[in-house]
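Peer 1: Dropping the structure in here first, questions after.
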Amino acid sequence: MTSCRGMSRVRGVVAVVVAAVVGTLMTTVAPVGAAASVPLSTGSNSLGQLGSPGSGSRSIAGPVSVPRSVAIASGRDTAYALDETGAIWAWGLNDKGQVGDGTNTNRPTPVKLGLTDVVAIEAGHYHALAIRSDGTVWAWGYGALGQLGLGTTNNRNVPTRVPGLSGITQVAGGRDMSYALRSDGTVLAWGSNALGEVGDGTTTRRNSPVVVANLSGVVEISGGRNHALARLANGTVRAWGDNQYGQLGDGTTTRRTSPVAVSNLSGVAHVDAGAHHSVAVRTDGAVLTWGRGYRGQLGLGSTSNRPTPTVVPGVPASVEVGDGRDQDLRHHRQR
């Protein structure tokens, strides 16, 4: 199926997928030009988050009324689809302008946003991010903690360009955070930073993008609830932010305000950050998890936390993982 990667921090009330339903709590980023499919949704529809007006909660997946899409993203009760033309469709909760249609009215039916030439989308809890083909970043929704990167703490109900960003190849959203990967392998971050999740060595809120300290050669980023992961070109991983449950994977539970190396981890092909746990896939197909395990989300046969990466037993060679608030999804390919 098409790049269903990384799940966002929602309440388990909506699942939106491209091509097939794989679970709840998900978001994805995929380039325009990827194979397109009609998004499907399942779960609660109390705020219109299924994109199916007039229907109640549903346990069987049904289509969302949007064009064929190459990527989807879901925040906390708001969802987004990126269609084949580079346009964004959004629906669901809109109390903070997170739909992006210029209003604060909930939208049970998808609406098309005014932003064009979009190549990637992402979502935090109540805000969203998009990259245009020119490498610029656009943000909208809740801004009270600086997560829009616009230099203020105001909400925005239409996509607004984040000043000073260009050459961006990937964006990632945390709960109240945003991240951007530049083509030169450096990372910028902005938002709450209460737990060091900006990664600039401080816990000072950042209303505008700042460079994550001591980090280069990055090829992939992922934002969790209050921590972040960066995969380097050499196959190693760096992590920073909240570490209460060992989600940084450095063998401690010490908060880190700048990136540290994830212990005993190399040959990594993909990373995903959940709310309080982390997942990596190695080039040999092995899946490793670490952090909070109280709901079994580490897949290690227990509910214990793990402060260092541990191979998940019994998993076939995996080409993709998705990381949600309290769960882990995998799409497998037998070799």
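The values are calculated or read from the model by the stated rules, or taken from the named source; none is laboratory data. None of these values were measured; they are calculated from a predicted model. Note: ideal-geometry Cβ built from the backbone for every residue, glycine included; neighbour counts use all protein chains shown. Please note that ligands, DNA and RNA were not included when accessible areas were found on the heavy atoms of the full protein model with its side chains. Shrake-Rupley method; radii C 1.70, N 1.55, O 1.52, S 1.80 Å.
Peer 1: Kindly provide the set of residues from segment 212-243 that are of a type in the set (S, T, Y) and in contact (Cβ under 8 Å) with a residue 60 or more places away in the chain, ordered by number. Walk me through how you get there before you give the answer.
Peer 2: First, the residues of segment 212-243 that are of a type in the set (S, T, Y): 216, 222, 236.
Correct list: S222 only.
Peer 1: Would you pick out the residues in segment 234-243 that are open to solvent by 30 Å² or more (accessible area, probe 1.4 Å) and either in a strand (DSSP E or B) or of a type in the set (A, V, I, L, M) (or both)?
Peer 2: Correct list: R238 only.
Peer 1: Let me ask something additional. What are the residues in segment 75-96 that are crowded, with 24+ Cβ neighbours inside 10 Å and small (G, A, S), if any?
Peer 2: G75, A79, A81, A90, G92
Peer 1: Separate question: How about segment 283-311: which of its residues are of a type in the set (K, R), under 16 Å from T253 (Cβ atoms) and in a loop (DSSP other than H, G, I, E, B)?
Peer 2: Filtering segment 283-311 for residues of a type in the set (K, R) gives 292, 295, 306.
Now drop any that are not under 16 Å from T253 (Cβ atoms), which leaves 292, 306.
R292 - this is the single residue of segment 283-311 that is of a type in the set (K, R), under 16 Å from T253 (Cβ atoms) and in a loop (DSSP other than H, G, I, E, B).
Peer 1: What number of residues within segment 244-265 are free of Cβ contacts under 8 Å to residues at least 60 places away in the same chain and either more than 21 Å from R282 (Cβ to Cβ) or assigned to a loop (DSSP other than H, G, I, E, B) (or both)?
Peer 2: First, pick out the residues of segment 244-265 that are free of Cβ contacts under 8 Å to residues at least 60 places away in the same chain: 244, 247-248, 250-254, 260-265.
In the following step, the residues that additionally are either more than 21 Å from R282 (Cβ to Cβ) or assigned to a loop (DSSP other than H, G, I, E, B) (or both) were identified as 244, 247-248, 250-254, 262-265.
Qualifying residue count for the region: 12.
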